[in-house]
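Participant: I have a structure here, written as structure tokens, and I will follow up with some questions on it.
Throughout, read-outs are computed from the coordinates displayed, never taken from laboratory work. Since this is a predicted model, take the numbers as computed values, not measurements. Here Cβ is always computed from backbone atoms with ideal geometry, including for glycine, and neighbour counts include all displayed protein chains.
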DNA sequence: GTAGTTATTGCAAGTCGTTGCAATTGCATC
DNA sequence: GATGCAATTGCAACGACTTGCAATAACTAC
């Protein structure tokens, strides 16, 4: 919580609230979610402040941002091990993916292209095992 | 051009124009680009029609859609070999990436997770060789 | 060629997210 | 604890893109 100040940013009540809410949330939250919960406690926080704070936290690698395809971007705390998400485009289910799975790709990109890929928090779309077993096409 | 009709969609002048423009474009175009060029020839086409047509062409795998991070999505003809893009977050340069590079990842996802990943047209962000050589951090 | 059906269009309004700017406020200095 | 100043906020306007809906028009069947 004090980490913001340590890196030279101001610690405002809005930011404290937003950070606290993300901390208390299990899994992903949207900006809308955060805004709703912030205004429950402190009604005059603008949604743009939520977005700006989320961007800041992302820049500081305190939260991860992922587009899981639901029309709005989702955020989660970046405390855990680096990971990614498999998103089924049939049923919408998401499952986590260890970063190790894409490490070889990262290595190959560096080796062959001299490109240092971030791939911080990826959403990989496709069809999950369950859905593939049910239907056949696609 | 007739392919739309063959799959059961109507061939309207708007669609013909939009398809022709994408065909004539080298590389990526934005919806805005397409709309501008369409209205040069036929002034009353709405931007929503452009978006809807682009979505349709994407669904039929006639165009690829990629978010290269410039605040607007880019489209290109899906005629060429399947490929992806490396996008440098320092200088903004993009370079194409063979699909073979990510094929092993696709294989591993199927093997370990039973997940059939699309990864149709990826944008991978990071730092390119040139920029990595110049600055050090990041 | 006409009539009927339904996909497609244009328009206007709506969505999520960003941004310019003046007013405010955190924080460092006195 | 008052002062100064830049970072931060709220607001309103804007950006890209989507969507509901009535009017239009492409295709089919006659």
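Participant: Within segment B:35-50, count every residue that is within 10 Å of DNA strand D (Cβ to nearest atom) and closer than 11 Å to residue B:15 by Cα.
Facilitator: The total comes to 2.
Participant: Give me the residue from segment B:4-50 that is assigned to a helix (DSSP H, G or I) and in contact with a strand residue (DSSP E or B) (Cβ under 7 Å, 6 or more places away or on another chain) and, out of that set, farthest from DNA strand C (Cβ to nearest atom). Explain how you work it out, then say what you get.
Facilitator: Residues of segment B:4-50 assigned to a helix (DSSP H, G or I): B:4-6, B:13-24, B:31-41, B:47-50.
If we keep only those that are in contact with a strand residue (DSSP E or B) (Cβ under 7 Å, 6 or more places away or on another chain) as well, we get B:22-23.
On the way: B:22: 14, B:23: 17 Å.
Applying the filter and picking the extreme gives B:23.
Participant: Which of the residues belonging to segment B:120-138 are free of Cβ contacts under 8 Å to residues at least 40 places away in the same chain and surrounded by 17 or more Cβ atoms within 10 Å (Cβ to Cβ)?
Facilitator: B:127, B:132
Participant: For segment B:65-131, please list each of the strands (runs of 3 or more DSSP E) lying entirely inside it that holds at least 3 residues being more than 14 Å from the chain's Cα centre (by Cα).
Facilitator: B:123-127
Participant: Taking residue A:63 as meeting all but one of (1) crowded, with 19+ Cβ neighbours inside 10 Å; (2) farther than 30 Å from residue B:112 by Cβ, write down the number of the exception.
Facilitator: It is condition (2) that residue A:63 fails.
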